[in-house]
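Everything below concerns the one structure shown next.
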2 protein chains.
Amino acid sequence: MTDDGVQGLDPRQLEAYFALMEAVSLLQHHVEQQLQASGDLSYVQFQLLARLADAQGQLTMTALADSVVYSRSGLTYQAGLMEKAGLITRGPCPDDERTTLVTITEDGLALLGRVMPGHIQVARGMLFDPLADEDLSRLGDIMVRVRDHMRSLPPRSAAPRRRRQA
Amino acid sequence: MTDDGVQGLDPRQLEAYFALMEAVSLLQHHVEQQLQASGDLSYVQFQLLARLADAQGQLTMTALADSVVYSRSGLTYQAGLMEKAGLITRGPCPDDERTTLVTITEDGLALLGRVMPGHIQVARGMLFDPLADEDLSRLGDIMVRVRDHMRSLPPRSAAPRRRRQA
DNA sequence: TATTGTTATACTCTATAACTATA
DNA sequence: TATAGTTATAGAGTATAACAATA
């Protein structure tokens, strides 16, 4: 809270932060190109497929939007595209008539499987190659902890700003 | 998912990779909101200002575009906005008449300084808080190495796709 | 001929607000 | 009244290609 360096962050911290942001930016760029080339998928769409696969194939729109940090209308847009492409289907939910259940199709799963190898190869070439095995363990351990911490912070698809007048 | 590892990446590597991507996505989101709120800046614009400041205030358009991984036309667009906002100026280069030199203004530097504390605070709250000092050193060390490796890979503003017939 | 930068254009993505329907 | 999802819309951002000027 005092101010040595920029607001109490020492140069070591600053460097770590900026290196992280830059590295991931570069990685994202390449990954996006790979996904586009190999499966005509944007990164968001890839994420959506991955989440669905990870959740036994089904999620509600809201759950899906939350899991990718996304507005619901944005998800509706993407879901429209992906449904048209045959990667997912949308259907009613037996428990709650308001809810839409998104289901990944066979084609969606197949595409995910087809795209994954190249995706991973990019990650390996850019991220893992320059790291020793030990580094990787540490990085994994650290980032899992960080991610879980971040997840525990308040989300955002829920109430961007309303909820202030009854 | 299918198993026996996805293409030779063991689950540990996969988890590290996805945790990294998700954490940085979340971080980016919050940082963007902070920049917007505190300085009416997009993250790209923040990066541009930071690069310029880091380079003693001046860079050519191409150098700037490269340093942010950006198309030159995209940079022209952003530079237009930022010039209009008084954050940078563009002028001729004495050495090479083709080149445009981008210079950060006093206002640009001031804005960068004004925005930085909050920016860092977000990074601290989301990234550094859950980490021990030791973790931070490791993360910094690792990511600097990774970033430098990535930088050493072929860039991209130079020749997007042409250069295939001489 | 190659390179720097700009322009024109077309398109994708994203979010906000208004709306429908259920709970 | 609150929530799930969609729609309409408007705006920001990005890239590609064509272009002008200089090297």
### Query
Excluding ligands and nucleic acids, what accessible area in Å² is computed for B:GLU32 using a 1.4 Å probe, to the nearest 10?
80 Å²
### Message
Using only DSSP helix segments of four residues or longer, with each worth -39500 (n - 2.57), what per-residue ellipticity at 222 nm results for chain B after dividing by its residue count and rounding to 500?
### Response
-20000 deg cm²/dmol
### Message
From the gyration tensor of the Cα coordinates in the protein assembly as shown, what semi-axes in whole Å does the equivalent ellipsoid have, largest first, with each one equal to sqrt(5λ)?
### Response
34, 24, 23
### Query
What is the local net charge at B:GLN13, summed over the other residues whose Cβ is closer than 12 Å to its Cβ (Lys, Arg +1; Asp, Glu -1)?
-3
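With a sphere of radius 12 Å drawn around the Cβ of B:ARG51, what net charge do the other residues whose Cβ falls strictly inside it have (Lys, Arg +1; Asp, Glu -1)?
Values: positive: none; negative: A:GLU22, B:ASP54, B:ASP66.
Net local charge, B:ARG51 excluded: -3.
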### Residue-count net charge about A:GLY80 - beta-carbon cut-off 13 Å; Lys, Arg +1, Asp, Glu -1
+2
### Message
With angles folded into 0 to 90 degrees, how steeply does helix B:11-39 sit against the dominant principal axis of chain B? Use alpha carbons for both and round to 10.
### Response
40 degrees
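Loop only by DSSP, 10 or fewer other Cβ within 10 Å of the Cβ. Give me the trypsin sites (Lys or Arg not before Pro) in region A:97-153 that pass, ordered by residue number.
Listed in order of number, the matching sites are A:ARG98.
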### Message
Please compute, over every Cα-Cα pair in region A:37-150, the percentage with a separation greater than 17 angstrom.
### Response
61 percent
### Summary
Counting only residues 5 or more apart in sequence or on a different chain, those whose built amide H sits under 5 Å from that of B:THR99 are B:CYS93
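The values are calculated or read from the model by the stated rules, or taken from the named source; none is laboratory data. Note that the structure is predicted; figures quoted are calculated from it, not measured. Neighbour counts are summed over all protein chains in view; Cβ atoms, including those assigned to glycine, are modelled from backbone coordinates with ideal geometry. The accessibility values were calculated without ligands, DNA or RNA, using every heavy atom of the protein model including side chains. Shrake-Rupley method; radii C 1.70, N 1.55, O 1.52, S 1.80 Å.
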